[in-house]
Amino acid sequence: MNKQFGDGLSLTIDGAIIGPYDVCPGAKIFWDGVAESRVLVRHCGDCGRYSHPRQDACENCFSANLSWRQVSGNGTIYSYSTIHRAPIARKTPYTVGLIRLDEGVHLFAGIEPPERAAIGLRVTPVFAPGPKGVLLNFNVSDQEG
Amino acid sequence: MAFRNVAVASYAMVTQHMPLADGDVAKSTVAIISDAVRLALARAGIERRQIDALFTHRPPMGDAFMLFGQKLLAELKIAPSSTTAIMNHGAGMLSCLKYGALLLEAGLADYVLCPSGDAGAALPVDAVAYNATIESDAHFEAPYDPITPSLYGQFAQRFVYERELSEEDLATVSVSMRARAIDHPEAQMRSRGPLTIEQVIASPMIASPSRLLHCAPWYRHSRAGAIILTRAENLPAGPKIFLRSVGECVTHEHVTGRMGLYGFGPWKDGPNLTTTGAHLAGKQALSFAGLGIEDIDVLETVVPFAFAIPMILEDLGVIEKGGSREFLRQGGLDAKGKLAFNTNGGMLSFGQSFLNCVMDQAVEALQQLDGTALGRQADNPSIAMVHSHGGVLAGHTVAIFERG
């Protein structure tokens, strides 16, 4: 279970707590899904659009008629940035970006390999166990976009 | 509709220079703001207890206490009838002016104090970790170890892609800002001399597409400022600076959430990361004041990365939307024209005095209008526009001042 990502967090900087970040079902369910190698996104029963992250109301039509749906996780790179100076001790460079899923909604995630990221490339999801929990990352597909 | 009657009673900026002299102690954020307030009160010729309203920006990096404004109030030993923090990120500093103006025009205040400051030289937290913590979504972005430049990088990479900007195009922005800073005695990067395109491109990549010399450096000294507003009839006869209008727009908190904002305005057909709230804030400020962008003599912007300068200039209408590449390649930033832009070097070469960065640009604009600019002085300007933003291009506020 992805305890760290979905549960309530105390935001701290150098040990000083700057605020609580509450437990939120919209985060917990998503990350529990990732731990099971599933990509779950909120789907609107009224307009059919998907919403992310953590929406309680549809971002398109504001309906509360949302339910969780599993999606393939396939998509394209909408934007990205390759980091050369990390905020913690870890190997660089690594790339973080916004992935536009085929369902039209956008997720923030790591992109592998970091040097191959480019806007418009097709990506597929990969579930990566790590020290903080299972992360959802995206691999650049060999197929053209 | 423009504010009819709101004028600047005074403004002040103070700096505690580093390294400290022997025996001196680094001031706290509250202390250095208190110094700026004392100076502004003296220049306005009023006592502290004539302040009816105190508005602050969100808690600064040097003092993250949730009710920071109350701490300042406790230091000043005043009891204003209106006080709050304006919480739209760094843009909140300029937004304070709007709320102050509304009180003044409604007759609910005679003097409004809008201070700002950040004891950047005595920061209790690591700046990179602080920003990465508060500017990334704790549930959906933080797990990936982003840094603030990589969050801005999502906007940047789209802008570079959509405008087809080259490395040289981006580098010209940094070169241009450095040239202005060299003329300004308080600009951090002044002593480093002029930049070349080659130097910018050779600087290490921080988070693509932003290299070191595309990023604003942290200002090495602590700075604080204050603006006091009043109704014009409380000031002596003679020229004064009026606050004509303030426009605002906030579009998101974190960049992932921003991708869910669409269906109206500039985002009617879908989300995009190349038009920011500055577009609506600027439009609002200009239309309230009954002005066009061509009427602006001085423009100061709060922009910490090179890519965002042409992006914000497009949003404000200085560059035609979509026209950044052409503008930059024709040397538009340095064209001899009416508009004096980022006369202190902007954040890129003046430096970022942590959360005091908005006040830096506001005071620069006011000094330009007063003819007392410390660096390059615009030729007899009448109207100044100040753009501020905060968060990851999240909140934007635009204020227009006019000498009259």
Lone cysteines, the protein assembly as shown (no partner Cβ under 4.7 Å): A:CYS24, B:CYS215, B:CYS249, B:CYS357
Cross-link pairs beyond the 18 Å C-alpha cut-off, checked among B:LYS283/B:LYS336; B:LYS77/B:LYS98; B:LYS98/B:LYS321; B:LYS98/B:LYS283: B:LYS283/B:LYS336; B:LYS77/B:LYS98; B:LYS98/B:LYS321
Potential lengthening between B:ARG192 and B:PHE65 on full extension [0.36 nm per residue; Cα-Cα distance subtracted]: 42.2 nm
Gyration tensor (Cα) of segment B:1-155, equivalent ellipsoid semi-axes in angstrom: 30, 22, 13
Share of alpha-carbon pairs per 10 Å distance bin for chain B, given as whole %: 5, 24, 35, 26, 9, 1, 0
Other-chain or far-sequence residues with amide H under 5 Å of B:LYS240's (modelled H): B:GLY404
Approximate shape of the protein assembly as shown as ellipsoid semi-axes (Cα gyration tensor, √5λ), whole Å, largest first: 39, 26, 23
Along each principal axis, Cα extent of segment B:190-337, largest first, Å: 55, 47, 33
Rg in Å to one decimal, and Dmax rounded to a whole Å, for segment B:63-208 via C-alpha atoms: 20.3, 56
Relative contact order (%) - criterion: Cα under 8 Å, at least six apart; region: chain B: 25 percent
Between segment B:209-271 and segment B:312-372, the Cα center-to-center distance that results, in Å: 13 Å
For a label point 7 Å along the Cα-to-beta-carbon line of B:ALA237, residues of segment B:382-404 with backbone N under 18 Å: B:404
Packing-based order for B:395-403, B:310-318, using average beta carbon neighbours within 10 Å, highest first: B:395-403, B:310-318
Among B:PRO60, B:PRO146, B:PRO19, residue whose mean-square fluctuation peaks in a GNM of chain B (springs only between Cα atoms under 10 Å): B:PRO19
Restricting segment B:6-108 to trypsin sites (Lys or Arg not before Pro) in coil, as DSSP defines it, with at most 11 other Cβ within 10 Å: B:LYS77
Ordering of B:238-251, B:105-118, B:373-386, A:45-58 by packing [mean C-beta count within 10 Å, highest first]: B:105-118, B:238-251, B:373-386, A:45-58
Spherically averaged projected area in nm², based on the convex hull that wraps the Cα atoms of segment B:49-96: 3.3 nm²
Under 17 Å from the A:TRP68 label point (7 Å along Cα→beta-carbon), backbone N, segment B:134-150: B:139-140
Ratio of the Cα radius of gyration of segment A:53-127 to 2.2 N^0.38 Å, where N counts its residues: 1.29
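Every number in this text was worked out from the coordinates using simple rules, so none of it is lab data. Predicted, not measured: the structure shown is a model, and the values here were computed from it. Quick reminder, even Gly has a Cβ in these numbers, built from the backbone with ideal geometry, and neighbours come from all protein chains shown.
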